[in-house]
Amino acid sequence: MLIVEGMPLLYLELAVGQRMRQGSIGAWRTISPYLSGVGIASLVVSFLASVYFNVINTWALWYLFHSFQDPLPWSVCPLNSNHTGYDEECEKASSTQYFWYRKTLNISPSIQENGGVQWEPALCLTLAWLMVYLCILRGTESTGKVVYFTTSLPYFVLIIYLVRGLTLHGATNGLGMFTPKIEQLANPKAWINAATQIFFSLGLGCGGLIAFASYNEPSNDCQKHALIVSVINSTTAIFSSIVTFSIYGFKATFNYENCLNKVILLLTNSFDLEDGFLTVSNLEEVKNYLASTYPNKYSEVFPHIRNCSLESELDTAVQGTGLAFIVYTEAIKNMEVSQLWSVLYFFMLLTLGMGSMVGTGTAILTPLTDSKIISSYLPKEAISGLVCLLNCAIGMVFTMEAGNYWFDLFNDYTATLSLLLIVLVETIAVCYVYGLKRFESDLRAMTGRTLSWYWKVMWAFVSPLLIVGLFIFYLSDYILTGTLQYQAWDATQGHVVTKDYPTYALAVIGLLVASSTMCIPLVALGTFVTRHFKIREQFSAA
């Protein structure tokens, strides 16, 4: 996917930005007035993505502030109101899940129960947007310095975590999962997920690459940069996966051994066994003996005996916010000097998030500052401030009790389908509207480099056809799925349950997809109508 989609499309967007010397809207308008909607669609996607993505920085700030406590607040369950035991919801779930769902999100049972804005997350969100504003205050003058820090620090922290992760007990169990499942290659959804990952990790279709490239010198070798960035991006993904799997193996092994120890303690106390007699090595043998010798008593104890399995612990993989704020925190709480590892981890997460927001912010601000109408009335600082203020105001939706459900909705449906359509139109525009030979001539004049057959074949045939295939698979997957659903937290059971989205949530999903995708045909239609009337007026005047 990297070779046939990632690298070719990255090079394409860098080359377009460097050649046209404008942001996403201006660049595609230069290629054809009918393609202004492509840039507007990228702008809308970047704006919607920034609205919800900075909420991750909000949660990272919240956890970072709590990382200085001893013990960590998610390491133990709180007492109930009578101080006679632990909180019931926490006991049914886990201390890390309880801190995430109850203390951080204070989540409602469903998306229909929105609740009010919660002041603590709201303050963290405001602080997160203030940080973003300071980073993008003066456009590329300030973002360049920020990016050096936000890209280098995570590597430093990852190296520290790699050394620590590989020395953790059970790390090899997690690394054993780092093997490809060949049968998944026949699963279309695996390819859709791979394409989505490549699109997001490289920033394709969002306008940020075009915006940054527009500031390059015309002679800049953007092909070399596309190759370097692609390789570094994929290498980083593999490197961080090793860190993740090693820590995940430690977490799974710890939970598995903790489960066995609880079973041993239960059987030892229930059958008055000698301390130290029952061990992990003879557990199954003793269980069989007790079941056959004391069947009545064992049948009473049996419902309380947990089924401990290392494989099931390793198979309970999660992604997204669950991986960042539940799995990692559960592993961190069991490490020595857990406060230090927690501060390092969430500071790294915050810098990664800020780095992403800088890129997204540039994708939004560059087309706005390129506009003579807007820039003639407002300086860069004011435009940046208004964008951040508007984003922060809309983002308050995600600080409500149902905010996490809306976050998942935005995260799932804002960009994937839109980016596929945007990038498809981009490749068609360059190859068949602007002309591949003409674009090749421009690149040769700029960089002195001749375009190889690989790039031509990828841009003209392979990449567009693959995008069309992914587009069809994506739509068919949702059609076959039927009613769209989401994961809701059930406090009475201590785990998530699947629920159907209500009608108004489905309408919001439709608006999110249409708000960006419809920009392309509507702007093209508007341009056609405007030009048609201008031509008629000219003929009438003549």
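The values are calculated or read from the model by the stated rules, or taken from the named source; none is laboratory data. In this text, all values refer to a predicted model and were calculated from it rather than measured experimentally. Using ideal geometry, Cβ is built from the backbone for each residue, glycine included, and neighbour counts are taken over all protein chains shown. Remember, those area values only see protein heavy atoms, side chains included, never the ligands or the DNA or RNA. Shrake-Rupley method; radii C 1.70, N 1.55, O 1.52, S 1.80 Å.
Comparing His304, Thr279, Ile228 along the charge dipole axis of the chain, the residue lying farthest to the positive side is Ile228, per the Cβ-charge model. Were the residues from Val280 through Ile232 laid out at 0.36 nm apart, the gain over their Cα-Cα distance would be 12.9 nm. For the stretch 447-467, backbone nitrogen atoms closer than 20 Å to the point 7 Å from Lys224 Cα along Cα-to-C-beta are found at 447-455. Only protein heavy atoms count here; under a 1.4 Å probe, Ile136 has an accessible surface of about 10 Å². First measure r as the distance between the Cβ atoms of Leu260 and Ser476, then evaluate 1/(1 + (r/R0)^6) with R0 = 45 Å and state the FRET efficiency to the nearest 0.05. Once rounded, the FRET efficiency stands at 0.50. Pairs from the list Lys103/Lys251; Lys145/Lys380; Lys103/Lys287; Lys181/Lys251; Lys251/Lys297; Lys189/Lys437 with a Cα-Cα gap above 28 Å: Lys103/Lys287; Lys251/Lys297; Lys189/Lys437. Positive end of the dipole of the chain, charges at C-beta (+1 Lys, Arg; -1 Asp, Glu), about the Cα centre: which of Leu466, Thr104, Gly26 has its Cα farthest in that direction? The residue sitting most towards the positive pole is Gly26.
Distance between the 7 Å Cα→Cβ label points at Glu113 and Glu183: 4.0 nm. Backbone geometry of the stretch 52-65 corresponds, through the Karplus equation with coefficients 6.51, -1.76 and 1.60 at θ = phi - 60°, to 3J(HN,Hα) couplings of 9, 5, 5, 5, 4, 5, 4, 5, 5, 4, 4, 5, 4, 4 Hz, x marking Gly and Pro. What separates the Cα centres of the stretch 429-470 and the stretch 50-116 is a distance of 50 Å.
In a reduced charge model with +1 at each Lys and Arg Cβ and -1 at each Asp and Glu Cβ, the chain shows a dipole moment near 2460 debye about its Cα centre.
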